[in-house]
Ligand code: NAD
Ligand code: G6P
Ligand code: MN
Ligand code: MN
């Protein structure tokens with residue numbers, strides 16, 4: 001039977017993961033699920049872990065669910081390892097969002113200065129995990145959600161020299177669901193083709209007969225004023241610009257195509273102490289109160305208020321696709337290998353791929369138009385520099401990443417912001 005280990009098991013998303021495994025009980029011969037956390041997450045791990053046990057029992061399954069603070073014990077002989085941890089917990093995210101805003105600069109979990117610092121805190125930990133995996137479960141697949149998911153996945157491949165890693169995100173699923181709904185169809189009736197990097201990709205849509213219907217979907221998006229992600233405050237894109245792209249942007253492009261408007265919105269929230277991280281902190285407290293109920297034996301509805309809804313289900317589908325060589329079409333973060341002609345071969349891209357027993361086979365996308373290419377190449381270079389700074393702790397590279405990032409102004413304001421963030425996050429930045 002399979003042993004699956006989840007690092008950051010105390011996450012409020014864990015019930016979705018368990019539900020995903022239960023849904024696939026006939027295709028995944030699970031024997032053991034190990035949920036690992038750290039001392040600070042012990043209470044959450046126990047609450048959500050006990051719910052996981054109730055869910056498995058309610059489904060009539062004999063899977064063992066283990067809760068542990070010992071990562072090595074969890075990794076030993078694992079077949080799949082999934083990661084959903086948050087180094088520095090939500091308090092670090094609150095700082096990532098609030099400190100840039102105190103300079104009038106965008107503050108966001110995975111974008112701008114916040115995203116860069118999340119990479120700085122997370123990459124040393126993921127590289128430690130990879131070293132343990134090489135020793136304890138060298139054949140295991142690593143399924144990474146930990147944000148910034150694209151950069152974390154690239155760090156594992158390039159600096160951890162570990163190949164069996166796939167990064168996952170729920171944004172493409174969110175788009176598929178919303179856009180098929182706008183067309184009055186099921187996602188299975190359409191074909192979605194994605195290319196770019198994590199939280200910075202574009203896509204095209206085709207109908208059953210292979211006819212491209214991207215333009216029709218752009219029409220629907222604007223006529224319905226439709227919002228995609230729970231966690232991103234909605235400001236409609238500017239129609240003429242999106243039409244010129246001839247592809248659909250992702251929700252996170254609001255930060256790049258509507259920067260000033262987004263900063264204004266975020267500054268309002270900043271003033272009301274209701275940045276997304278602060279909202280999530282309350283949401284999470286409510287969720288864990290619900291999880292404590294010994295009569296609760298299913299994933300509660302309230303979890304869908306989190307921005308990451310459906311991401312764990314994607315993990316279960318990915319695991320099943322690898323295990324069963326299902327050749328499912330999924331959007332994943334994987335090594336480019338030439339699929340996106342505009343980006344380096346060895347970098348990680350987020351792209352429609354066929355998921356086989358030997359991992360994702362990215363579909364060849366080809367070249368972008370200049371409008372997408374320019375931003376994408378800049379963003380990827382910014383990611384490469386960020387990862388290198390995270391690995392080496394080199395100050396010049398960290399500043400370089402800030403200056404490259406289009407959401408951070410250059411010059412001494414970048415340096416001031418960087419210096420302040422290095423101080424407040426010091427505890428989680430051993431490399432600097
Ligand atoms: P969370 O704050 O609930 O953290 C999850 C758990 O990680 C906590 O129980 C915490 O104690 C634990 N943890 C912290 N440091 C750890 C470490 N060093 N080792 C092991 N466990 C550790 O976070 P969340 O909101 O559930 O999100 C978890 C992660 O997944 C974050 O990085 C988040 O950005 C990411 N995420 C990604 C997607 C995606 O689309 N890929 C979607 C949602 C969330
Ligand atoms: C999005 C993203 C995740 C992100 C999350 C934030 O959908 O895909 O990568 O971390 O939602 O959600 P939250 O509820 O924590 O703000
Ligand atoms: Mn994501
Ligand atoms: Mn900049």
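Cut-off is 10 Å between beta-carbons; in what order do 425, 66 appear when sorted fewest neighbours first? Let's see the in-between values first.
Details: 425 20, 66 17.
Result, fewest neighbours first: 66, 425.
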(message) Just to confirm my numbers, what's the Cα centroid distance between the stretch 35-101 and the stretch 148-204 in Å?
(response) 23 Å
(message) Which one, 364, 198, 336, has the greatest fluctuation when you compute a Gaussian network model over the chain with C-alpha springs under 10 angstrom?
(response) 364
(request) With runs of 4+ DSSP H residues as the only contributors, calculate the mean residue ellipticity of the chain at 222 nm using -39,500 (n - 2.57) per run, divided by the residue total and rounded to the nearest 500. (result) -15000 deg cm²/dmol
(request) For each of 402, 270, 288, count neighbouring Cβ atoms within 10 Å of the residue's Cβ, then give the residues from fewest to most. (result) 288, 270, 402
(request) Quick one: grab the alpha carbon gyration tensor of the stretch 171-254, order the square roots of its eigenvalues as a ≥ b ≥ c, and give me rounded if a/c is under 1.5, else prolate or oblate depending on whether a/b is larger than b/c. (result) rounded
(request) Convert 10 °C to kelvin, take the viscosity as 1.306 mPa s, use the Kirkwood radius over C-alpha pairs of the chain as Rh, and evaluate the Stokes-Einstein diffusion coefficient in µm²/s, rounded to a whole number. (result) 72 µm²/s
(message) Test of understanding: ordering 165, 279, 423, 217 by Cβ neighbours within 10 Å, fewest first, what list do you get?
(response) 423, 279, 217, 165
(message) At R0 = 22 Å, how high is the FRET efficiency between residue 420 and residue 261 if r is their beta carbon distance? Nearest 0.05 is fine.
(response) 0.30
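According to the square roots a ≥ b ≥ c of the eigenvalues of the Cα gyration tensor, what is the shape class of the stretch 350-405, taking rounded for a/c under 1.5, prolate for a/b larger than b/c otherwise, and oblate for the remainder? Can you show the working numbers first?
On the way: a/c = 5.45, a/b = 1.55, b/c = 3.53.
Cα axes put the stretch 350-405 in the oblate bin.
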(message) So for the chain, averaging the separation of alpha carbon pairs under 8 Å that are six or more residues apart and normalising by length, what relative contact order in percent results?
(response) 19 percent
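Rounded, prolate or oblate: which fits the stretch 99-206 when a ≥ b ≥ c are the square roots of the eigenvalues of the alpha-carbon gyration tensor, with rounded for a/c under 1.5 and prolate only if a/b beats b/c? Can you show the working numbers first?
Numbers: a/c = 3.08, a/b = 1.30, b/c = 2.37.
In terms of gyration-tensor shape, oblate.
Taking Cα atoms of the stretch 1-97, Rg/Rh with Kirkwood Rh, to two decimals? Write down the numbers at each step before the final one.
Working: Rg = 13.5 Å, Rh = 13.7 Å.
Rounded to two decimals, Rg over Rh is 0.99.
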(message) Pick from 278, 350, 420 the residue whose mean-square fluctuation is largest in a GNM of the chain, springs joining Cα atoms under 10 Å.
(response) 420
(message) For the chain, set up a GNM with springs between Cα atoms under 10 Å and report which of 361, 39, 400 has the largest fluctuation.
(response) 39
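Since every read-out is calculated from the coordinates, none of them should be taken as a lab result. The shown structure was predicted, so the numbers you read here are calculated from the model rather than taken from an experiment. Quick reminder, even Gly has a Cβ in these numbers, built from the backbone with ideal geometry, and neighbours come from all protein chains shown.
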